[in-house]
Amino acid sequence: MVSRRTTGRIGATLVPVVMTALLSGCMPGTNAGASGNSTKAGPVATDPASMGKVKLQVLDYFSGGTDNAWMSSVVSAFEHKYPNITINRTSLPWGDVMAALPLKLKSANPPDIVPANNGWQSLGTLVRGGLVLNLDNYAKAYGWKTSFPQAITSEHEFSPDGTEMGIGSMFGAPVARASLIEVYYNRDLLKQIGAGIPHSFADFQADLAKAKAAGLTGISLGNVDQGGVTQPLFSLMNALGDQRKISDFVYSQGQVKIADTGFPQAVSTFKQWSDKGYLTKDYAGVASADAAQNFVNGQGLFHFDYSGSLPLKAGQSKNFGSFILPRSDGGKPIATASSATNFSISSKSKHADAAAAFLNFAAGAQAAQLAVQNGTMPLLHPEVKAPADDPLFTDDVAIAQQVTTDGTSVPYVDWSTPTLLNTINTTMQDMLAGKTTPAAVVSAAEQNDAAFVKTLAR
């Protein structure tokens, strides 16, 4: 998964950063196969007001902008409601957190709450090392497994022996803020080519052809840093593949291969878009951040990116909107989505009850309302309404409501192995440069997955 550097998009920007930090998948200080991941012994307390004076140490990566504003507001609201509990935050950039997390958790005085990234890149490795607490007793006490959509709950589950992801016990919990991949559109350019917001995959393809015919860039894209293909590629998988098979592949359940997920069709379609000239000219030499800025500057009809990632200035969003790429079979759109962070509790925490109470609060309705008030996408609470004066944010909130209500999210594909994202980005770059074929991209991804599954020793 991913963290987002600017406003509420902890998804996209973070992915490449995570990959850089965690490429090997062998985080220092952890040992595959380590267990000891049973639940906390004895009864758990769920009334924070009765827990006495407690100081919680919280590590997060909400270090600036609306991210920090949201987290600060959640902490303030929690402390106001439970003045007996004090929260001391340490907020660091994403890469710093990921690099330091295993050592911090192995120290004599680790943070009580940490933002382990989902997937085998981070949380899975910490589970295998016995460094984070099994939260099943708290999940039962707070009703998390019934109140959270299953698609979101699965993103925080591992088998206690650390060999399976997406099932078993909860070793983390979501917060009431979303991070997902969406498609942004330029209202003026849609009108210029005589098109409306696409409601089908065929409509979307037709709009790209119209933009090309009008001399416009259909999709603003930059891939010099190998970070630009991820968002459109994952969206194409969701439009052309099957939700269950995508999730089962990521979680390594059953015998689902990446070739069964819509990945081959997505790779081929992406190649066709490139060949037809639907993408930014010379996109291989354009930075992904520049592509986002070019889109904001009116140089592109569509742009795939993480929620809240556009570099918009105040009052600049009115000409833009967002949607999830429609499915080719006409079904409900599927989004690559997660909570803006996973929060786990250190297995050494002396204040696990209070830490779990904060996790429950951060996933609650008040935290979702605070997300909207800070201009970031909520999650888990579809009843939260967007302000009426920002049409782009209204679209974003509607998407979050849709994903929560319909349960139409899938995990980030790169969670399936510590190195899959690097494999996909590298081979996609070669394919788009004409050095290899779509079949070679699929084959490389299959080999990456097969090699990692062997290390799980199931």
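Values in this text are rule-based calculations from the coordinates and carry no lab data. The model shown is predicted, which means the values in this text are computed figures rather than measured ones. A quick note on method: Cβ atoms are made from the backbone with ideal geometry, for glycine too, and the neighbour counts reach across all protein chains shown.
Tabulated data
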{"read-out": "With Cα atoms, 0 to 90° folded angle of helix 94-106 axis to the chain main axis", "value": "30 degrees"}
{"read-out": "Whole-angstrom gap from the range 321-336 to the range 264-292, using each part's C-alpha centre", "value": "19 Å"}
{"read-out": "Separation of alpha-carbon centers, the range 347-365 and the range 100-165, rounded to whole Å", "value": "12 Å"}
{"read-out": "q = 0.12, 0.14 Å⁻¹, the range 284-428: log10 I(q)/I(0) [Debye, one scatterer per Cα]", "value": "-0.66, -0.88"}
{"read-out": "Greater than 25 Å apart at Cα, pairs in LYS145/LYS245; LYS276/LYS435; LYS106/LYS257", "value": "LYS106/LYS257"}
{"read-out": "Rough spin-label spacing in nm, given labels placed 7 Å along Cα→Cβ, for GLU79 and ALA214", "value": "5.1 nm"}
{"read-out": "0 to 90° range, to nearest 10: angle between helix 65-81 axis and the chain longest Cα axis", "value": "30 degrees"}
{"read-out": "Pairwise Cα inverse-distance average, inverted: Kirkwood Rh of the range 107-186 (Å)", "value": "13.7 Å"}
{"read-out": "Selection from LEU190, PHE304, HIS156 lying farthest towards where the dipole of the chain points positive, charges on Cβ", "value": "HIS156"}
{"read-out": "Mean Cβ count within 10 Å, highest first, over the residues of peptides 210-218, 359-367", "value": "359-367, 210-218"}
{"read-out": "Spin-label model distance (nm) - ALA287 vs SER107, 7 Å beyond Cα toward Cβ", "value": "3.2 nm"}
{"read-out": "Computed [θ] at 222 nm, helices only, for the chain once each DSSP H run of length n ≥ 4 contributes -39500 (n - 2.57)", "value": "-12000 deg cm²/dmol"}
{"read-out": "Simple Cβ-charge dipole of the range 335-458, Lys/Arg +1 and Asp/Glu -1, about Cα centre, in debye nearest 20", "value": "620 debye"}
{"read-out": "All-pairs Cα distance distribution in the chain, expressed in whole percent, bin size 20 Å", "value": "27, 58, 15, 0"}
{"read-out": "Dipole magnitude of the chain, debye to nearest 20 (Cβ charges: Lys/Arg +1, Asp/Glu -1, about Cα centre)", "value": "500 debye"}
{"read-out": "Debye equation applied to the C-alpha atoms of the range 342-458, log10 I(q)/I(0) at 0.10, 0.13, 0.19, 0.22 Å⁻¹", "value": "-0.58, -0.83, -0.96, -1.06"}
{"read-out": "Highest average packing first - 288-300, 80-92, 318-330, Cβ atoms within 10 Å", "value": "288-300, 318-330, 80-92"}
{"read-out": "Distant alpha-carbon pairs in the range 317-375 (separation over 19 angstrom), percent", "value": "58 percent"}
{"read-out": "Positive-end residue, the chain charge dipole about Cα centroid, Cβ charges, pick of THR408, ILE85, ALA287", "value": "ILE85"}
{"read-out": "Degrees between helix 352-362 axis and first principal axis of the chain (Cα, 0 to 90, nearest 10)", "value": "30 degrees"}
